[in-house]
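K.L.:
Please see the structure below; I have some questions.
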Amino acid sequence: MIGSNASDEIPKKSLEEVTKAFTSQDIKINTVDHNTFQENINRYLRGTPDDVFTWFAGYRMQFFASQGLAADISDIWTEIGGDYTPAFKSASTGADGKQYFVPFTYYPWAVFYRKSLWQEKRYQPPKTLDEFTALAKKMKADGLIPIAFADKDGWPAMGTFDILNMRTNGYDFHISLMAGKESWTDPKVKQVFDTWRGLMEYHQPAALGRTWQEAGQSLAQKKTGMYLLGMFVAQQFPEADRDDIDFFTFPEINPQFGTDSIDAPIDGYMISSKAKNLAGAKELLKHFAQASSQNIATKLDPGTLAASSTADTSGYSALQKRGAELVSQATHIAQFLDRDTRPDFASTVMIPSLQSFVGKPDEIDSLLKSIEQQKVNIFKS
């Protein structure tokens, strides 16, 4: 039994194809839409979970491991460890030093655009925030909505906060903030929201009523000029148009940190501590760890990269090759706001708080005070 959040058409087909090649056990895939799965994961794991479930590397994996809700799979890592870099192993390791996660695919976040549109308008990728703002102004004058934006699902705005915070205050401060060790009322955090507020006039309006897929389609249709999102935005482009997608890393804000950090979340698989068929579940995770399995996924899903070091990248699209290059050049790789902090803080505090900011960007002080008060209570427990 696999509990899956791969509800969109391309990821769903990818999982089906990968599991077809696993013949030693019968598999049943239990698919729940991404948001519902993510928001109810705690209840799911404490109830009657499937043997194997899709999840994310980093803090969110460690949280469930420390709660005793995930099975120790260190024995699997003695077999598969040679196929992963130390960074991937570290992202799969709990606070107790044991492994609980098998990385499958990952994808960088960047600012995506249509090459043909940019060539026609003679736009150039910006290197600084001032250049980014000037480009947005030019796009607006040209009749385009500069920045595609959507936050109906609650999580996309987290990516904007992440990159603005890492560009402004650096990776170490960002990760410390996510761990509850910094104050949300710190002037450093306020500066992030002030910068974001200054960009709001260039964002696609009415974002709280729009899904990320709809915003991605607006980019594909050349109604918007650029879009900060994960590389999975490629799923929203017709196959014939995918060679027309390009990106740049979000530009420098603070020269001290430059563009040394990005979000590049790792997706993979874990085993529930309540698994009824533990031996079969471990065999399935070994299957997911194989380069051949990940090759199937990255061929079917143009917005992903294989986590295994032995995967065949020769068949990567130009976009996938650029994505792999971007990740290799980053000094620091964050997992994403809702994966780098406690799941209860991400869901109950940050989703509504960021949606509130998107709706009312002028009420920063009271918002940050509210986040800090809630954070203190949650991180006590």
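The values are calculated or read from the model by the stated rules, or taken from the named source; none is laboratory data. Quantities reported herein were computed from a predicted structural model and do not represent experimental measurements. Every residue, glycine as well, gets a Cβ built from its backbone with ideal geometry; the counts of neighbours run over all protein chains shown. Heads up: the accessible areas ignore ligands, DNA and RNA and are worked out on the full protein's heavy atoms, side chains in. Shrake-Rupley method; radii C 1.70, N 1.55, O 1.52, S 1.80 Å.
K.L.:
Looking at I163, is it modelled with pLDDT under 95 and assigned to a helix (DSSP H, G or I)?
P.N.:
No; evaluated as a whole, the condition is false for this residue.
K.L.:
If you don't mind, there's one more thing I want to ask. For the stretch 328-342, which positions are assigned to a helix (DSSP H, G or I) and buried (at least 18 other Cβ atoms within 10 Å of the Cβ)?
P.N.:
Selection gives L337, D338, R339, D340.
K.L.:
Can you name the residue in the stretch 327-367 that is polar (S, T, N, Q) and free of Cβ contacts under 8 Å to residues at least 60 places away in the same chain and is also farthest from I41 (Cα to Cα) among such residues?
P.N.:
Ranking the qualifying residues of the stretch 327-367, first place goes to Q329.
K.L.:
Take T313 and decide whether it is free of Cβ contacts under 8 Å to residues at least 24 places away in the same chain and hydroxyl-bearing (S, T, Y).
P.N.:
Working: free of Cβ contacts under 8 Å to residues at least 24 places away in the same chain: yes; hydroxyl-bearing (S, T, Y): yes.
The answer is yes for T313.
K.L.:
Taking P352 as the residue in question, decide whether it is open to solvent by 20 Å² or more (accessible area, probe 1.4 Å) and either under 22 Å from the mean Cα position of the chain (by Cα) or modelled with pLDDT under 95 (or both).
P.N.:
In short, yes.
K.L.:
Pairs under 7 Å by beta carbon, first residue on the phi < 0 side of the Ramachandran plot and open to solvent by less than 20 Å² (accessible area, probe 1.4 Å) in the stretch 137-148, partner polar (S, T, N, Q) and in a loop (DSSP other than H, G, I, E, B), six or more apart or different chains?
P.N.:
I147/Q204; A148/Q204
K.L.:
Please enumerate the residues belonging to the stretch 89-103 that are touching a residue at least 60 places away in the same chain (Cβ under 8 Å) and either more than 22 Å from R322 (Cα to Cα) or out of contact with any Ser or Thr (no Cβ under 8 Å at 6 or more places or on another chain) (or both).
P.N.:
Once the filter is applied, which keeps residues that are touching a residue at least 60 places away in the same chain (Cβ under 8 Å) and either more than 22 Å from R322 (Cα to Cα) or out of contact with any Ser or Thr (no Cβ under 8 Å at 6 or more places or on another chain) (or both), the stretch 89-103 yields A91, S92, Y100, F101, V102.
K.L.:
While we're here: Can you tell me which residues in the stretch 114-124 are surrounded by fewer than 17 Cβ atoms within 10 Å (Cβ to Cβ) and at negative phi?
P.N.:
Correct list: K115, S116, Q119, E120, K121, Q124.
K.L.:
Can you say whether A297 is closer than 29 Å to M1 by Cα, free of Cβ contacts under 8 Å to residues at least 40 places away in the same chain and in contact with a Leu (Cβ under 9 Å, 6 or more places away or on another chain), as far as the supplied structure shows? Even if it seems obvious, please write down each step before you answer.
P.N.:
Working: closer than 29 Å to M1 by Cα: yes; free of Cβ contacts under 8 Å to residues at least 40 places away in the same chain: no; in contact with a Leu (Cβ under 9 Å, 6 or more places away or on another chain): yes.
Taking the combined requirement at face value, the residue does not satisfy it.
K.L.:
If you don't mind, there's one more thing I want to ask. Could you tell me whether the stretch 248-255 includes any residue that is surrounded by fewer than 22 Cβ atoms within 10 Å (Cβ to Cβ), of a type in the set (D, E, K, R) and over 30 Å from D50 (Cα atoms)?
P.N.:
Yes, the stretch 248-255 contains at least one residue that is surrounded by fewer than 22 Cβ atoms within 10 Å (Cβ to Cβ), of a type in the set (D, E, K, R) and over 30 Å from D50 (Cα atoms).
K.L.:
Turning to a different aspect of this structure: Kindly indicate whether any position in the stretch 365-381 is among the aromatic types (F, W, Y), out of contact with any strand residue (DSSP E or B) (no Cβ under 6 Å at 6 or more places or on another chain) and open to solvent by less than 20 Å² (accessible area, probe 1.4 Å).
P.N.:
no
K.L.:
Something else now. Quick one: count up the residues across the stretch 169-183 that are surrounded by fewer than 22 Cβ atoms within 10 Å (Cβ to Cβ) and in contact with a helix residue (DSSP H, G or I) (Cβ under 7 Å, 6 or more places away or on another chain).
P.N.:
5
K.L.:
Next question, about the same structure. What residue, among those in the stretch 32-64 that are of a type in the set (S, T, N, Q) and at pLDDT 85 or above, is surrounded by the most Cβ atoms within 10 Å (Cβ to Cβ)? Spell out how you get there, then give the answer.
P.N.:
If we filter the stretch 32-64 for residues that are of a type in the set (S, T, N, Q), which is where we start, we get 35-36, 38, 40, 42, 48, 54, 62.
Checking the rest, the ones that are also at pLDDT 85 or above come to 48, 54, 62.
On the way: T48: 10, T54: 25, Q62: 19.
Across the stretch 32-64, the extreme among qualifying residues is T54.
K.L.:
How many residues, within the stretch 71-93, are modelled with pLDDT under 95 and aliphatic (A, V, I, L, M)?
P.N.:
Looking only at that region, the number is 2.
K.L.:
Also, I was wondering about something else. Can you tell me which of (1) without any contact (Cβ under 8 Å) to a residue 24 or more places away in the chain; (2) surrounded by 13 or more Cβ atoms within 10 Å (Cβ to Cβ) is the one D26 doesn't meet?
P.N.:
All conditions are met except number (2).
K.L.:
Identify, from the list A306, A281, A275, A240, the residue that is surrounded by fewer than 23 Cβ atoms within 10 Å (Cβ to Cβ), of a type outside the set (S, T, N, Q), in contact (Cβ under 8 Å) with a residue 12 or more places away in the chain and at negative phi.
P.N.:
Every option except A275 fails the conditions.
K.L.:
For the stretch 186-194, state whether one or more residues are open to solvent by less than 30 Å² (accessible area, probe 1.4 Å), polar (S, T, N, Q) and outside any strand (DSSP E or B). If you could, list the steps in order and put the result at the bottom.
P.N.:
Step one: of the stretch 186-194, the residues open to solvent by less than 30 Å² (accessible area, probe 1.4 Å) are 189, 192-193.
Filter once more, keeping what is polar (S, T, N, Q): none.
No: zero hits.
K.L.:
Filter the stretch 212-234 down to residues that are in contact (Cβ under 8 Å) with a residue 60 or more places away in the chain and open to solvent by 30 Å² or more (accessible area, probe 1.4 Å) and give me whichever is nearest to the chain's Cα centre (by Cα).
P.N.:
Among those that are in contact (Cβ under 8 Å) with a residue 60 or more places away in the chain and open to solvent by 30 Å² or more (accessible area, probe 1.4 Å), it is Q213.
K.L.:
Filter the stretch 1-18 down to the residues that are in contact (Cβ under 8 Å) with a residue 24 or more places away in the chain and more than 24 Å from W155 (Cβ to Cβ), then identify the one that is least open to solvent (accessible area, probe 1.4 Å).
P.N.:
Selected residue: V18.
K.L.:
Within the stretch 120-135, can you find the residues that are more than 24 Å from the chain's Cα centre (by Cα) and either part of a helix (DSSP H, G or I) or touching a residue at least 60 places away in the same chain (Cβ under 8 Å) (or both)? Write out each step before concluding.
P.N.:
Applying the first criterion (more than 24 Å from the chain's Cα centre (by Cα)) to the stretch 120-135 yields 120-124, 130-131, 133-135.
Listed by number, the residues that qualify are E120, K121, Y123, D130, E131, T133, A134, L135.
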